[in-house]
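The values are calculated or read from the model by the stated rules, or taken from the named source; none is laboratory data. Quick caveat, the model's predicted, so the values are computed rather than measured. Heads up, the Cβs are rebuilt from the backbone with ideal geometry, glycines too, and the neighbour counts pull from every protein chain shown. Just so you know, the surface numbers come from the protein's heavy atoms only, side chains and all, with ligands and any DNA or RNA stripped out. Shrake-Rupley method; radii C 1.70, N 1.55, O 1.52, S 1.80 Å.
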Amino acid sequence: MFHPYLAARRVVADCKELGLINAAVFYFENGELIWSYSESLQFDPHEPAELFREAKSAYPALARSDNGDGNVNVCSLLETEYYQLLLVQLLHPSQAEEESLEERRRRLAAFVFGDDNSFRQSVAGSLGIVSQKCKGQTLDEAVAYFEETYLGTKYNDAKMKRLCTAEGREYLRIHLSRWFTM
């Protein structure tokens, strides 16, 4: 079972291995701060609530705000029915302005799928199958397997055209990069 405190500690403790410079996690229930955890970041008592409001208004995108010391708070929010986790990093402006991989994936998904949720879910299911069928292979091999197996059969006509655009191909690669490496 997922336990948010253990997940938060793991993210913060392993932030360097995850490619993060630093991290703080705030746990909210019904918008009220219950606990927080960080090994390297300090916040004024009012800041978590303000960062939470900013992240909630930007959701599902990342929220970016000036920290006041020349750096930028980059916040992402994980919401469930029962609680919200706020992940915060403090980054130099040049790093904070870069589009995250997840932001890029979401933007590409909006381009490829529009509001066609059944198409989006179908592709996600197909990619899940690819992740199982291609274990131990490279990202290029997994993409090729998807294209050979699904394009022109399960996805044809307009759907195939959308997946074959540069944006569609990039979306597939980003999605599959969760499980496969170059």
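The residues of the stretch 27-42 that are out of contact with any strand residue (DSSP E or B) (no Cβ under 7 Å at 6 or more places or on another chain) and open to solvent by 50 Å² or more (accessible area, probe 1.4 Å), listed by number, are 29, 30, 32, 39, 40, 42.
Please count how many residues of the stretch 90-111 are among the basic types (Lys, Arg) and under 16 Å from residue 77 (Cα atoms).
Filtering the stretch 90-111 down to residues among the basic types (Lys, Arg) leaves 104-107.
Within this subset, residues satisfying the condition of being under 16 Å from residue 77 (Cα atoms) are 106.
Number satisfying all stated conditions: 1.
Taking residues in the stretch 136-155 that are within 13 Å of residue 126 (Cα to Cα) and open to solvent by 50 Å² or more (accessible area, probe 1.4 Å), and partners anywhere that are in a helix (DSSP H, G or I) and among the aliphatic types (A, V, I, L, M), the pairs with Cβ atoms closer than 7 Å and at least 6 places apart or on different chains are 145/130.
From the list 78, 85, 6, 33, the lone residue that is of a type in the set (A, V, I, L, M), free of Cβ contacts under 8 Å to residues at least 24 places away in the same chain and in contact with a Pro (Cβ under 7 Å, 6 or more places away or on another chain) is 33. Among the residues of the stretch 156-182, the one identified as open to solvent by 70 Å² or more (accessible area, probe 1.4 Å), part of a helix (DSSP H, G or I) and either among the acidic types (Asp, Glu) or farther than 17 Å from residue 111 by Cα (or both) is 157.
Counting only helices (runs of 4 or more DSSP H) wholly contained in the stretch 44-131, the ones carrying 1 or more residues that are open to solvent by less than 20 Å² (accessible area, probe 1.4 Å) and either touching a strand residue (DSSP E or B) at 6+ places or on another chain (Cβ under 6 Å) or of a type in the set (S, T, N, Q) (or both) occupy 47-58, 93-96.
Within the stretch 86-104, does at least one residue satisfy the condition of being within 22 Å of residue 178 (Cβ to Cβ) and among the basic types (Lys, Arg)? Among the residues of the stretch 86-104, at least one is within 22 Å of residue 178 (Cβ to Cβ) and among the basic types (Lys, Arg), which makes the answer yes.
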